[in-house]
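Trainee: One structure follows; several queries about it will come next.
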Amino acid sequence: WFGEQRPAVNNLERGRESFQRQEWGDAHAQLSAADHESSLDVADLERLAVAADLIGRDGDNADVWARAHQECLRLGNVPRAARCAFWLALSLLLRGEMARGSGWLSRARRLLDGHEDCVEQGYLLVPVALQSMAEGDAAKACTTFSQAGEIGNRFQDPDLLTLGQALIHLGEVSEGVALLDDAMVAVTTGEVSPIVAGLAYCAVIEACQEMFDVRLAQEW
C-alpha cells in the first residue's frame, strides 16, 4: 500500500544529472564519490575533469584528464586520447605550467603523427596560435586560428569552430568582433562544451576591455 518504490539514485547518476544542470560543485562531488566506488568510464572521467576545472580543482583536473587519456589509449581510441591530452595541456599552459603543458602537447602530436585526418589535429593548432601571439606574431596567430576554425567547420565540431572564432580577435583582425558574435551564439544556444563556453566568455570580456581601452585613449 505504500505504492511502487522508486529505485535509489546512485552517485554516478546524480553526478551526470548535476553535470547536465551545470551544477559543477555537486557534479564533481558525486562523480568523485562514484569514482571511488568503481572506476569511471572515459565519458564520465571527462565529465569529472571538466567539473574539476570549472570549480578550480586544478590538481584533480590534471589527474583525471591523464586517466581519461590512458583509458582511451587502452581502448585503442588514439584521437580521443590526443584530445584528452590537449585539454590537459591547455589547462596547464593557461595556469603557467609551461613545461608540463608542452610535454602533454608533444605527446598528443606524437600520437597523431601519421594518423589519418581527424579533428584533433585542428585542436593542436590552438596552442600553436597562442604561442605565436606570445611571440608577437599576430599575423601568424590569426592564420593558425583560422586554420583551426576551418578544420572545426569541416568536421562539424562546434567546440573547435568556436575556439577559433573566439580567439582570432587576439590577432586584431577586422572581422574579429563579428566572429566573437558568432562564437557567442554557439555558447548561448548550448552548442559547445562548458570549457569552451568559459573560454569564449573570457575572450569576449578581453575584447570588450580592449575596445574600451582604445576608446578611452582616443577620447584623451
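The values are calculated or read from the model by the stated rules, or taken from the named source; none is laboratory data. Please read all numbers here as calculations on a predicted model, not as lab measurements. Heads up, the Cβs are rebuilt from the backbone with ideal geometry, glycines too, and the neighbour counts pull from every protein chain shown. Remember, those area values only see protein heavy atoms, side chains included, never the ligands or the DNA or RNA. Shrake-Rupley method; radii C 1.70, N 1.55, O 1.52, S 1.80 Å.
Trainee: Can you give me the ranges of the helices (runs of 4 or more DSSP H) entirely in the stretch 61-177 with at least 2 residues that are aromatic (Phe, Trp, Tyr)?
Mentor: The helices (runs of 4 or more DSSP H) meeting that bar are 78-94.
Trainee: Then there is this: State whether one or more residues within the stretch 96-117 are in contact with a Gly (Cβ under 8 Å, 6 or more places away or on another chain) and closer than 22 Å to LEU161 by Cβ.
Mentor: no
Trainee: Test each condition in (1) touching a helix residue (DSSP H, G or I) at 6+ places or on another chain (Cβ under 8 Å); (2) modelled with pLDDT under 95 for GLY96 and report the one that comes out false.
Mentor: Checking GLY96 against (1) touching a helix residue (DSSP H, G or I) at 6+ places or on another chain (Cβ under 8 Å); (2) modelled with pLDDT under 95, the one that fails is (1).
Trainee: Go through the stretch 99-138 and report how many residues are of a type in the set (Lys, Arg) and touching a helix residue (DSSP H, G or I) at 6+ places or on another chain (Cβ under 7 Å).
Mentor: 2
Trainee: Out of ARG83, ARG47, ARG74, I need the residue that is buried (at least 21 other Cβ atoms within 10 Å of the Cβ) and free of Cβ contacts under 8 Å to residues at least 40 places away in the same chain. Which one?
Mentor: Exactly one residue qualifies, and that residue is ARG47.
Trainee: Which of the following residues is of a type in the set (Lys, Arg), open to solvent by 20 Å² or more (accessible area, probe 1.4 Å) and modelled with pLDDT under 95: ARG67, ARG57?
Mentor: ARG57
Trainee: Taking GLY136 as the residue in question, decide whether it is open to solvent by 60 Å² or more (accessible area, probe 1.4 Å) and farther than 23 Å from ASP157 by Cα.
Mentor: It is true that GLY136 is open to solvent by 60 Å² or more (accessible area, probe 1.4 Å) and farther than 23 Å from ASP157 by Cα.
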